[in-house]
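K.L.:
What follows is a structure written as structure tokens; I'll ask about it next.
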Amino acid sequence: MNEKKRSGVQTLAAVSAVLVLAAMFLSVVSSNKAYSLSHLNQLLLCCAVAIVLELLFALFYQRLPGILRDFMLLAAVFATAWAMCMLIQGRTLLAGYIYFSDLEASNPVAVSAMNLAIAAIAAYLVSIILTVAVGFSRQDKD
């Protein structure tokens, strides 16, 4: 693999880690605004695992054997997806109150919390897509 492609793979992994960090921040702020998430600690743990794995991948890409790199990316995808699912689970009730009834539709704090959660879900999803793209973009043989 040439140096330019290797640098691109490492950059995408780092961008994915930053997206997970941003999504984690948005999740926490959303939880603190209205209807706090019951599994916030697990969500934070999953995000931390994903961030660490992505950054280790980006920093030590050349030194790691291929099977370990693949495992790190797979674990990062699962951790990010698990965090996203916990956020969706925690925000389902709030979405129902805002979008399908009149209970919280006029509450600007609840609407703001839901908007932050939607942005966090989008960031998680883009991070998963980037991580999968990194996993499939490598062409080197070990």
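K.L.:
Distance in nm between label sites at Leu125 and Leu59, each 7 Å beyond Cα in the beta-carbon direction?
P.N.:
Each label point is offset 7 Å from its Cα along the Cβ direction, giving 3.2 nm.
K.L.:
Using θ = phi - 60° and the Karplus relation 6.51 cos²θ - 1.76 cosθ + 1.60, list the HN-Hα couplings for the stretch 10-23 in order, rounded to whole Hz, with x at every Gly or Pro.
P.N.:
With coefficients 6.51, -1.76 and 1.60, one gets 5, 5, 4, 5, 5, 5, 4, 5, 5, 5, 5, 4, 5, 5 Hz.
K.L.:
So how far apart, in nm, are the two label points at Phe136 and Leu68 if each is 7 Å from Cα heading toward Cβ?
P.N.:
Distance between the two pseudo-spin positions: 2.7 nm.
K.L.:
Separate question: Ignoring ligands, DNA and RNA, what percent of the accessible area of the chain is carbon or sulfur (1.4 Å)?
P.N.:
Carbon and sulfur: 71 percent of the exposed surface of the chain.
K.L.:
Rank Ala23, Ala50, Ala122 by mean-square fluctuation in a GNM of the chain with C-alpha springs under 10 angstrom and give only the top-ranked residue.
P.N.:
Of Ala23, Ala50, Ala122, the most mobile in the Gaussian network model is Ala122.
K.L.:
Using a 1.4 angstrom probe, figure out how much accessible area the stretch 84-142 has per residue, in square angstrom, rounded to the nearest whole.
P.N.:
Ligands and nucleic acids excluded, the result is 55 Å² per residue.
K.L.:
Can you give me the distance in nm between label points at Ala95 and Ala14, each placed 7 Å from the Cα along the Cα-to-Cβ direction?
P.N.:
Here the modelled spin labels are 3.4 nm apart.
K.L.:
If r is the Cβ-Cβ distance from Leu103 to Ala22 and R0 is 30 Å, what FRET efficiency results, to the nearest 0.05?
P.N.:
Working from the Cβ atoms, E equals 0.55.
K.L.:
Further question on the same structure: Relative contact order of the stretch 1-87, please, whole-number percent, based on alpha carbon pairs below 8 angstrom and at least 6 residues apart.
P.N.:
37 percent
K.L.:
At what distance in angstrom do the alpha carbon centres of the stretch 98-114 and the stretch 19-61 lie from each other?
P.N.:
24 Å
The values are calculated or read from the model by the stated rules, or taken from the named source; none is laboratory data. Small disclaimer: the values here were computed from a predicted structure and weren't measured. Glycine gets a Cβ as well: all are built from the backbone with ideal geometry, and neighbour counts include every protein chain shown. Heavy atoms of the whole protein, side chains included, go into the accessibility calculation; ligands, DNA and RNA do not. Shrake-Rupley method; radii C 1.70, N 1.55, O 1.52, S 1.80 Å.
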